[in-house]
1. With respect to the numbered conditions (1) modelled with pLDDT of 95 or more; (2) surrounded by 12 or more Cβ atoms within 10 Å (Cβ to Cβ), which one is the sole condition not fulfilled by Ser99?
2. Looking only at residues in the stretch 61-83 that are near the ligand (Cβ under 10 Å from one of its atoms) and of a type in the set (Phe, Trp, Tyr), which one is farthest from Tyr101 (Cα to Cα)?
3. Please go through the stretch 38-60 and give me each residue that is polar (S, T, N, Q) and either within 13 Å of the ligand (Cβ to nearest atom) or at pLDDT 95 or above (or both), ordered by number.
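The values are calculated or read from the model by the stated rules, or taken from the named source; none is laboratory data. The structure presented is a predicted model; accordingly, all values stated were derived computationally and were not measured. Glycine gets a Cβ as well: all are built from the backbone with ideal geometry, and neighbour counts include every protein chain shown.
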Amino acid sequence: MLDDKYVYAVNCPSWGEIFKKLGLTIPPIRNDFTLNRYMKCFLHKEKTASLSLVERKSFWYCFGCHEGGDKFHFVSVFLFQRNYKRTARWFEKKFGIPSPYRGKSKPRREV
Ligand SMILES: [Zn+2]
């Protein structure tokens, strides 16, 4: 999974771009230094927003349920029930980021 992480870390679009493609409204920035945004968690009911989106680190974390990870993980949880292949295809279709799952059946070449 190291390769996959690298692919998404290098090519990853901003939270704003991802939210637009998801059809969601991006929450406003609450902290000008870290560029953090907060929203209500989509995994459980809550009255105050405890899910934070951290732009500087391409990371999200919910202080309510302790779920979190990178942007790829966010989309996989939000849309695809953690199906990584389908998430990779989504990123490929929406942002042109090559899916690391493409041609996985071929033997890996040593470099
Ligand atoms: Zn949560």
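1. (1)
2. Restricting to residues being near the ligand (Cβ under 10 Å from one of its atoms) and of a type in the set (Phe, Trp, Tyr), the top hit is Phe63.
3. Across the stretch 38-60, the qualifying residues are Thr48, Ser50, Ser52.
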